Amino acid sequence: MASAAPKYLELAAQMRLRIEQQPVGTPVPSERDLALESGVSRMTARRAIEVLVAEGRITREVGRGSFVARPTLSLPLTLSSFSEDVRQRGMTPSARVIEARIVPAAELAGVFGVDAVEPLVRLVRVRLADDRPMALERASLLASAAPDLLDVADFTLASLYEVLEHRYGVRFDAGTQVIQAGLVSAADGRLLDAAAGSAAFEFLRTSTASGTVLEHTVSLYPAGRFELSAAIRPTRAPGSEAPAAR
């Protein structure tokens, strides 16, 4: 017979259901009040709250207490745009443009397979979801693939991928993406409203169209605002036999 779940996990599950019905910023009971309300020890109440803090469902503010946090954004590991992902979750995407200019390929020449003097479009933006900073995106694109790109759209609102497809006929059909654990620097933290030294995901994406590298983007996502998701499948068909060992 399976053993019952620990009390703190049962309490965390009950609180999770309650939090899902409450607006962002709603105060969460203190450890003492939660313990009295639920008939458990303060240690159990503390551990239940810690579970929800780790999940990003509760945020703690020194001197004020604990509150219902903004929900994290589930980030699928697919070749899609930030704007598309955000809209699919019922939120409004936008951006603050930090840098938009033409630069030489320089150290990215090898990534694009071009000379070091080949012009690239450099577009650095803080990506927002419902006006909340969610990511710092440093995109580089082959300028010859999208002439006058910086003049044809307002990139505080426009999706880069949508502009490339609809105006220039560029549709990415393949790419590689590397995900690394990282830390938020002091400068990036000011842009993202995140604490310096806090955990982050760093995405390095290189996208191609018809075999030509057209985009290389490095994006920084504060870890507490995201969860990663991916569809998975077995490496061999169900029922098939594994190859014999030699």
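The values are calculated or read from the model by the stated rules, or taken from the named source; none is laboratory data. Everything numeric in this text was worked out from a predicted model, so none of it was measured. Cβ atoms come from the backbone with ideal geometry, glycine included; neighbour counts cover every protein chain shown.
Tell me yes or no: at least one residue of the range 64-73 is outside any helix (DSSP H, G or I), modelled with pLDDT under 85 and over 29 Å from the mean Cα position of the chain (by Cα).
The answer is no; no qualifying residue exists.
List every residue pair whose Cβ atoms lie under 7 Å apart, where the two residues are 6 or more positions apart in sequence or sit on different chains, the first residue falls within the range 173-194 and is more than 26 Å from L214 (Cα to Cα) and of a type in the set (D, E), and the second residue, located anywhere, is part of a strand (DSSP E or B) and modelled with pLDDT of 90 or more.
Taking only residues 6 or more apart or on different chains, the pairs are D193/P133.
Say we look at the range 34-55 and pick out the residues that are loosely packed, with under 13 Cβ neighbours inside 10 Å and at pLDDT 90 or above; which of these is farthest from R225 (Cα to Cα)?
G39
Restricting the range 1-33 to residues that are small (G, A, S) and touching a residue at least 12 places away in the same chain (Cβ under 8 Å), which is surrounded by the fewest Cβ atoms within 10 Å (Cβ to Cβ)?
Among them, the one singled out is G25.
Considering each of V152, V121, V117, V178 in turn, give the residue that is crowded, with 16+ Cβ neighbours inside 10 Å and of a type in the set (V, I, T).
Values: V152 fails: crowded, with 16+ Cβ neighbours inside 10 Å; V117 fails: crowded, with 16+ Cβ neighbours inside 10 Å; V178 fails: crowded, with 16+ Cβ neighbours inside 10 Å.
Answer to the selection: V121.
Against the condition at pLDDT 90 or above and within 21 Å of F172 (Cα to Cα), how does A116 come out, does it pass?
No: the conditions fail for A116.
This table checks each residue for (1) in a strand (DSSP E or B); (2) among the acidic types (D, E); (3) closer than 16 Å to P93 by Cβ.
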| position | (1), (2), (3) |
| --- | --- |
| A116 | no, no, no |
| L120 | yes, no, no |
| L123 | yes, no, yes |
| V126 | yes, no, yes |
| P133 | yes, no, yes |
| S144 | no, no, no |
| Y161 | no, no, yes |
| R190 | no, no, no |
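With the structure loaded, tell me whether R125 is in contact (Cβ under 8 Å) with a residue 24 or more places away in the chain, more than 21 Å from F203 (Cα to Cα) and in contact with a helix residue (DSSP H, G or I) (Cβ under 9 Å, 6 or more places away or on another chain) or whether it fails that test.
Against the criterion (in contact (Cβ under 8 Å) with a residue 24 or more places away in the chain, more than 21 Å from F203 (Cα to Cα) and in contact with a helix residue (DSSP H, G or I) (Cβ under 9 Å, 6 or more places away or on another chain)), R125 does not qualify.
Take the residues in the range 123-147 that are modelled with pLDDT under 95 and acidic (D, E); name whichever of them is farthest from A106 (Cα to Cα).
D130
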